[in-house]
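Trainee: Below is a structure I'd like to ask you about.
The values are calculated or read from the model by the stated rules, or taken from the named source; none is laboratory data. Quick caveat, the model's predicted, so the values are computed rather than measured. Quick reminder, even Gly has a Cβ in these numbers, built from the backbone with ideal geometry, and neighbours come from all protein chains shown.
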Amino acid sequence: MSHLQREIDKWVAKTPKSAEAYDRARKHVPGGVGSNFRFMDPYPMFVSRAQGSRIFDLDGNEFIDFMLSMGSLLVGHSHPAVVKALAEQAGERGTLYCLPHVWEQEVAAQLAGRFGHAMWRFVNSGTEATMTALRIARGYTGKKYIVKFEGHYHGHNDQTLVTTSAPLRKLGRADRGVRVPSSQGIPEETYALTLMAVFNNLDSVKTLFDEYPGEIACVITEPVMMDCGCIEAEPGFFAALLDLCHENGALLIFDEVKTGCKLAPGGATEHYRVRPDIVCVAKALAGGLPLGAIGADEAIMQIVGDGSVIQVGTFGANPLVLHVAHVVLRDLLTPDAYRRVFDLNRRLVDGYRAIVREHRLAAQVNGVGPCGIITFTDRPLRSYREFMTANDDAFRLYWFAMMNQGIMPAHHFGGDVWTVSIVHTRDDIEAHLAAFERIAPMFR
């Protein structure tokens, strides 16, 4: 029996109630899950509760949670300050107005102070944020084409759900991006205005500007490839990319859905010292509640303010979520909190790298800010193409083996990063490293 099958069998033996819940769920929920990212073979873990850095399944198994809702919970599960803010707003002031309120301006001012962009609008998710940013860029420039990078995920709208999971055999030349829809139901016409470049390859972007002169509205990029092995841009790449956009009358959009308020108080914008024209923020913004934000300077956002570009939504900028975001930004995500979290994550990343060296594993360990991940390939990660050489079975073995050790290391889809939260302790980090040390011999 293989190591992988043995660990899956252990998992199945300890999670019978999740198996039962999955069977019931499939009767009325497509695939038995509320999002396709949550499906896994043989079945997903069903959660009963979560608190702080811990998450519990229906069988009562306890795990130290480093997945943290795909990085949304930088403040941990059910932080007392978040619970209090929810109770205050819902119990005393209401949950939805569809009218202006003070938390809107308060959070906008907080984000302006962090990111340096003066004007902000609020939506309910990262997908809505990036979709809105693309509309603003097109409206402001009067141009129609957008450029994205292979492997960069910008939400599940059809124009950007392209080449997010394409196999290597479909990618072709290393200096040319290829468009491959990531789902059925996305006809070619819906992404005909989406052009594809290769991350960390500025020439691939220059070629597109040469081929579509005066027609490209924007380049949208994840500052860190948080779904593909935590790949950072090479030094100088973003500064050169920003210059290239401006030379061609295009805007640069940072999709900071996963990096915003995480890599620094002002996200990747602050961390890399490159100020994009538009920034999108979401996951870590509201302590686990659904919130997205789009920021830009007044000159760009004027077209939203005067109604030339439409941005609307019944639940957008609702007072319940924005009051929580105000508390999270003011009281929880403080400079001291960032310093402590980054120190813990450096310890985790360094520990992983030491174990990989000790056991001579074919693996890369990348990390930045509070995030990191192990990718099972012998190739250093520079772009999506190197990431796609990873051994998927090795990551499945890693995930099940770590879960059987009481550690939820990251999302079960390989590539998505772990997150160290403000409620994790040094003991949590040591437990994580001890678990990986125990299972590492299986990967030799």
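Trainee: Across region 297-341, what is the number of residues that are in contact with a strand residue (DSSP E or B) (Cβ under 7 Å, 6 or more places away or on another chain), within 29 Å of residue 93 (Cβ to Cβ) and among the charged types (D, E, K, R)?
Mentor: Count: 0.
Trainee: Could I ask something else about it? Give the number of residues within region 162-175 that are buried (at least 16 other Cβ atoms within 10 Å of the Cβ) and part of a loop (DSSP other than H, G, I, E, B). Explain how you work it out, then say what you get.
Mentor: Of all residues in region 162-175, those buried (at least 16 other Cβ atoms within 10 Å of the Cβ) come to 162-166, 171.
So of that shortlist, the ones also part of a loop (DSSP other than H, G, I, E, B) come out as 163-166, 171.
The total comes to 5.
Trainee: Does residue 395 satisfy the condition of being at pLDDT 95 or above, assigned to a helix (DSSP H, G or I) and closer than 14 Å to residue 227 by Cβ?
Mentor: Details: at pLDDT 95 or above: yes; assigned to a helix (DSSP H, G or I): yes; closer than 14 Å to residue 227 by Cβ: yes.
Spelling it out, residue 395 is indeed at pLDDT 95 or above, assigned to a helix (DSSP H, G or I) and closer than 14 Å to residue 227 by Cβ.
Trainee: Conditions: (1) free of Cβ contacts under 8 Å to residues at least 60 places away in the same chain; (2) surrounded by fewer than 19 Cβ atoms within 10 Å (Cβ to Cβ); (3) out of contact with any Leu (no Cβ under 7 Å at 6 or more places or on another chain). Residue 202 meets all but one. Number of the miss?
Mentor: Answer for residue 202: the failing condition is (3).
Trainee: Is it the case, given these coordinates, that residue 378 is closer than 25 Å to residue 267 by Cβ, out of contact with any Pro (no Cβ under 6 Å at 6 or more places or on another chain) and surrounded by fewer than 18 Cβ atoms within 10 Å (Cβ to Cβ)? Step through it out loud before you land on a result.
Mentor: Values: closer than 25 Å to residue 267 by Cβ: no; out of contact with any Pro (no Cβ under 6 Å at 6 or more places or on another chain): yes; surrounded by fewer than 18 Cβ atoms within 10 Å (Cβ to Cβ): yes.
For residue 378, the condition - closer than 25 Å to residue 267 by Cβ, out of contact with any Pro (no Cβ under 6 Å at 6 or more places or on another chain) and surrounded by fewer than 18 Cβ atoms within 10 Å (Cβ to Cβ) - is not met.
Trainee: Under the condition of being assigned to a helix (DSSP H, G or I) and of a type in the set (D, E, K, R), which residue from region 91-124 is nearest to residue 267 (Cα to Cα)?
Mentor: Taking region 91-124 and keeping what is assigned to a helix (DSSP H, G or I), we get 91-93, 102-115.
With of a type in the set (D, E, K, R) added as a condition, the list becomes 92-93, 104, 106, 114.
Values: 92: 33, 93: 31, 104: 20, 106: 19, 114: 8 Å.
The extreme case among them is 114.
Residues checked against (1) in contact with an Asp or Glu (Cβ under 7 Å, 6 or more places away or on another chain); (2) modelled with pLDDT under 95; (3) buried (at least 23 other Cβ atoms within 10 Å of the Cβ):
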| position | (1), (2), (3) |
| --- | --- |
| 97 | no, no, no |
| 113 | no, no, no |
| 132 | no, no, yes |
| 138 | no, no, no |
| 145 | yes, no, no |
| 160 | no, no, yes |
| 180 | no, yes, no |
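Trainee: To continue, here is another question. Take residues that are under 23 Å from residue 99 (Cβ atoms) and tell me which of the helices (runs of 4 or more DSSP H) falling wholly in region 307-390 contain 3 or more. Working first, answer last.
Mentor: Values: elements: 319-327, 335-359, 384-387.
In region 307-390, 319-327 are the helices (runs of 4 or more DSSP H) which contain 3 or more residues that are under 23 Å from residue 99 (Cβ atoms).
Trainee: Can you give me the ranges of the strands (runs of 3 or more DSSP E) entirely in region 1-90 with at least 3 residues that are touching a residue at least 24 places away in the same chain (Cβ under 8 Å)?
Mentor: Numbers: elements: 47-51, 54-57, 62-65.
The strands (runs of 3 or more DSSP E) meeting that bar are 62-65.
Trainee: Residue 250 versus (1) crowded, with 22+ Cβ neighbours inside 10 Å; (2) under 20 Å from the mean Cα position of the chain (by Cα); (3) among the hydrophobic types (A, V, I, L, M, F, W, C): which is the lone unmet condition?
Mentor: (2)
Trainee: With respect to residue 204, determine if the residue is closer than 20 Å to residue 130 by Cα and in the same structural domain as residue 231 (by TED's automatic domain parsing).
Mentor: no
Trainee: Check whether at least one residue in region 333-343 is among the aliphatic types (A, V, I, L, M), out of contact with any Cys (no Cβ under 8 Å at 6 or more places or on another chain) and surrounded by fewer than 23 Cβ atoms within 10 Å (Cβ to Cβ), and report yes or no. Before you say what the answer is, go through the steps one by one.
Mentor: Taking region 333-343 first, the residues among the aliphatic types (A, V, I, L, M) are 333, 337, 341.
Within this subset, residues satisfying the condition of being out of contact with any Cys (no Cβ under 8 Å at 6 or more places or on another chain) are 337, 341.
With the extra rule that they be surrounded by fewer than 23 Cβ atoms within 10 Å (Cβ to Cβ), the set shrinks to 337, 341.
Yes.
Trainee: Does residue 59 satisfy being farther than 30 Å from residue 153 by Cβ and outside the structural domain of residue 225 (by TED's automatic domain parsing)?
Mentor: Numbers: farther than 30 Å from residue 153 by Cβ: yes; outside the structural domain of residue 225 (by TED's automatic domain parsing): yes.
Yes.
Trainee: May I pose another question? Suppose we keep only residues that are touching a residue at least 24 places away in the same chain (Cβ under 8 Å) and surrounded by fewer than 20 Cβ atoms within 10 Å (Cβ to Cβ) within region 266-293. Which one would you say is nearest to residue 226 (Cα to Cα)?
Mentor: Residues of region 266-293 that are touching a residue at least 24 places away in the same chain (Cβ under 8 Å), as a first pass: 266-272, 274-293.
Narrowing the set further to residues that are surrounded by fewer than 20 Cβ atoms within 10 Å (Cβ to Cβ) leaves 270-271, 274-275, 289-290.
Numbers: 270: 17, 271: 15, 274: 18, 275: 19, 289: 20, 290: 19 Å.
The selected residue is 271.
Trainee: Restricting attention to region 411-439, report how many residues are on the phi < 0 side of the Ramachandran plot and part of a loop (DSSP other than H, G, I, E, B).
Mentor: The number of residues fulfilling the criteria is 12.
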